[in-house]
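Below is one structure, written out as structure tokens, with a few remarks after it.
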Amino acid sequence: MAGRLLKVSSLATAVFASSGFYLYGRQLDPNDLSIIRFGRAAATTAVISYDYLTSFRHMEHGTDEYRALKSKVHRRSAERLRDLCCANRGTFIKVGQHLGALDYLLPEEYTCTLKVLHSSAPQSSMEEIRQVIREDLGEEVSDLFVSFEETPHGAASLAQVHKAVLHDGRTVAVKVQHPKVQKQSSKDILAMEVLVRAVHWLFPDFAFLWLVEEAKKNMPLELDFLNEGCNAERVAKMLSHFPFLKVPQIHWALSTKRILTMEFAEGGQVNDRDYMRRHSINVNEISENLGKMYSEMIFVHGFVHCDPHPGNVLVRKCPRSNSTEIVLLDHGLYQVLQPEFRLDYCRLWQALIGGDMAGMERYSRRLGAGNLFPLFACVLTARSWTSVNTGISSTPITQSEDVEIRTNATLYLPQISELLNRVPRQMLLLLKTNDLLRGIETSLQTRAASSSFLNMSRCCLRAVARHKRIKATSRTQRLKISLAETLGLWRIGLYQLLLRVRELAAGRWLISMMALLG
């Protein structure tokens, strides 16, 4: 095994040496060269692999000392990976952010370390921004805007946003792609694929090729800002019945594949409890509305915003009505769920919420989990197998259960990797979305709330009923399906009302009095 690693290390050294000769005497930015970017990634991969191969040689497996050392190795490996992402930027940061969102799938040392990549994105210089605008819009910044703030309002892995004012007085956000990302992305993904395959060769239990495949498929979509604008308009129309949702309007005349100009919207990040307290925003209302929004996207429409990290979901008081709003940003990455997949997913969640173990196994297998269906249920819900057996809607979440899940995630990493390679590609982005939403709920301290399950139940019921109506062959059948749907929704509403009554002090007193009188 060490001999294999020596070959990888030698390759990385050769890459760096040849890169040095190539750059000698040339005035080039090393970070622009694929050979440098690959060499840096190969060296980091070799160092991390060597650390895992050699650190546990004289350590007895399963002891306290072994677990403490393993945590240290995880931590320093995660830090090396974070530093690589920051050095190579662009696609590397994007993939690092994805890894940082995989709570309950990766060790805590990795997810905690890589989460900082959401706030450590690179910035392009103002001259680079002007050049992109000049090339794509054909005019200078000063001709297009009355004012244009040179300091970015926000910077991400693929682009940065500047606040500007149009000649008609409207304030806009101008999202400009980093100039080198488009050219580097395909080569970066190829480098990742080569290195992930090399690590899998060294460590057969490591099977994360699915992550590279997802990046290969999704990166071109995220780099096309016209596609992002179309997604924004589609979801705004699709969810227009939610008065609490705000999707910034797109200015198409000032948008291209690398530039997206939209209505400017301010607000605090959705996980910022201090901001909500200062602005009298109800945390539980935000959590419930976020659940409504995503349940509708996933179960009813099958068109899902797949990057709900806190920087892309803002909360605010509407300037005109003073009502609470959720502002949804960054519409580059959406997942379109196939109807059959969406219905199986609906029925799986209905089984999970209702504690229907036979249904859970059936629909997990239909979604590709095979004999790993118990693990699939735990990964999907981020709950223990005991809670899944009991019924996740009736079993409160505890801190000890969260610790148990994180521990098991490390123990069952090979099986989790196998599972993620089995399930349909559509499932991978849904799992990422679930993890990001759970992270927000954890920050808001609302994970134990029952409202999310109730909203999911409503949407699943509606989706399945609509499918049955389409398949029905007579008006009588359609009427029966609609009546059953109405009755089911009424029962969920009544149950929610009873829960709210129980939460009120007066309600608890009334229930106690009725029990005494009975």
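The values are calculated or read from the model by the stated rules, or taken from the named source; none is laboratory data. In this text the structure is predicted, and so the values were computed from the model without any measurement. Because the Cβ atoms are built from the backbone with ideal geometry, glycine has one as well, and the counts that use them run over all protein chains shown. With ligands, DNA and RNA removed, areas are computed over all heavy atoms of the protein, side chains included. Shrake-Rupley method; radii C 1.70, N 1.55, O 1.52, S 1.80 Å.
In summary, no aspartates and glutamates lie within cross-link reach of residue 480, defined as a Cα separation below 12 angstrom excluding same-chain residues under 8 places away.
Put a dot 7 Å past the Cα of residue 277, heading toward its Cβ, do the same for residue 238, and the two dots end up 3.6 nm apart. The charge dipole of the stretch 289-354, taken about its Cα centre with unit charges on the Cβ of Lys, Arg, Asp and Glu (plus for the first two, minus for the last two), comes to roughly 300 debye. For residue 258, the residues 5 or more places off, or on other chains, whose built amide H falls under 5 Å of its own are 225.
Simple rule: put +1 on each Lys or Arg Cβ and -1 on each Asp or Glu Cβ in the stretch 158-240, find the dipole, and look at 169, 159, 194; the Cα lying farthest toward the positive end is 169.
Extents of the stretch 104-144, largest first, come to 50, 16, 13 Å (Cα atoms, principal axes, whole angstrom).
Rounded to the nearest 20, the size of the Cβ-charge dipole of the chain about its Cα centre is 1560 debye, with Lys and Arg at +1 and Asp and Glu at -1. The residue among 110, 126, 96 whose Cα reaches farthest toward the positive pole of the charge dipole of the stretch 90-173, with charges on the beta-carbon of Lys, Arg, Asp and Glu, is 110. The base-10 log of I(q)/I(0) for the chain, evaluated at q = 0.09, 0.11, 0.12 Å⁻¹, reads -0.74, -1.07, -1.24 [Debye formula, identical scatterers on Cα atoms, solvent excluded]. Only residues of the stretch 147-184 count here: report those whose backbone N is under 19 Å from the spot 7 Å along Cα→Cβ of residue 31, or say none. Once the point is set 7 Å along Cα→Cβ of residue 31, 151-162, 176-184 turn out to lie under 19 Å by backbone N, inside the stretch 147-184. Remark: the residue 497-residue 470 segment gains 6.6 nm on full extension, using 0.36 nm per residue and subtracting the alpha carbon distance.
A Förster distance of 30 Å, applied to the separation of the beta-carbon atoms of residue 180 and residue 147, puts the FRET efficiency at 0.65. Summed over qualifying helices (DSSP H, 4 residues or more, each -39500 (n - 2.57)) and divided by its residue number, the chain shows a 222 nm mean residue ellipticity of -20000 deg cm²/dmol. For the peptides 236-246, 263-273, 79-89, residues were scored by their other Cβ atoms within 10 Å and the scores averaged per peptide; the highest-first order is 79-89, 263-273, 236-246.
Remark: the chain carries 48 Å² of accessible area per residue (probe radius 1.4 Å; ligands, DNA and RNA excluded).
Straight Cα distances below 20 angstrom link residue 468 to the aspartates and glutamates 296, 340, 344, 485, with same-chain residues fewer than 8 positions distant left out. Computed from phi, the 3J(HN,Hα) profile of the stretch 162-173 under the Karplus parametrisation 6.51, -1.76, 1.60 (θ = phi - 60°) reads 10, 7, 8, 10, 7, 5, 8, x, 6, 8, 10, 10 Hz, with x in place of Gly and Pro. On the principal axes of its alpha-carbon atoms, the stretch 231-295 has extents of 38, 24, 16 Å, going from largest to smallest.
A Förster radius of 22 Å combined with the Cβ-Cβ distance from residue 131 to residue 257 puts the calculated FRET efficiency at roughly 0.90. Based on alpha-carbon atoms, the Kirkwood radius and the radius of gyration of the stretch 326-429 give Rg/Rh equal to 0.99.
As an exercise, use a Förster radius of 41 Å and the Cβ-Cβ distance of residue 203 and residue 321 to find the FRET efficiency, rounded to the nearest 0.05. Approximately 0.15, to the nearest 0.05.
Within the shell defined by Cβ-Cβ distances under 15 Å, the residues around residue 138 carry a net charge of -1, with Lys and Arg each +1 and Asp and Glu each -1.
Straightening the chain between residue 385 and residue 480 buys 30.6 nm, computed as 0.36 nm per residue apart minus the Cα-Cα spacing. By the combined test of axial Cα extent (at least 24 Å) and Kyte-Doolittle hydropathy (mean at least 0.5), the qualifying DSSP H helices of the chain come to 2-23, 34-54. Ligands, DNA and RNA left out, the accessible area of the stretch 81-240 computed with a 1.4 Å probe is 55% carbon and sulfur. Projected onto planes of every orientation and averaged, the convex hull of the alpha-carbon atoms in the stretch 402-500 covers 9.1 nm².
Share of carbon and sulfur in the accessible area of the stretch 255-314 stands at 38%, probe radius 1.4 Å. Annotation: cysteines of the chain without a disulfide-compatible partner (Cβ-Cβ under 4.7 angstrom) are 85, 86, 112, 230, 306, 318, 378, 459. Under 25 Å of direct C-alpha separation, and excluding same-chain neighbours fewer than eight residues apart, residue 217 reaches these lysines: 94, 115, 175, 180, 183, 187, 257, 432.
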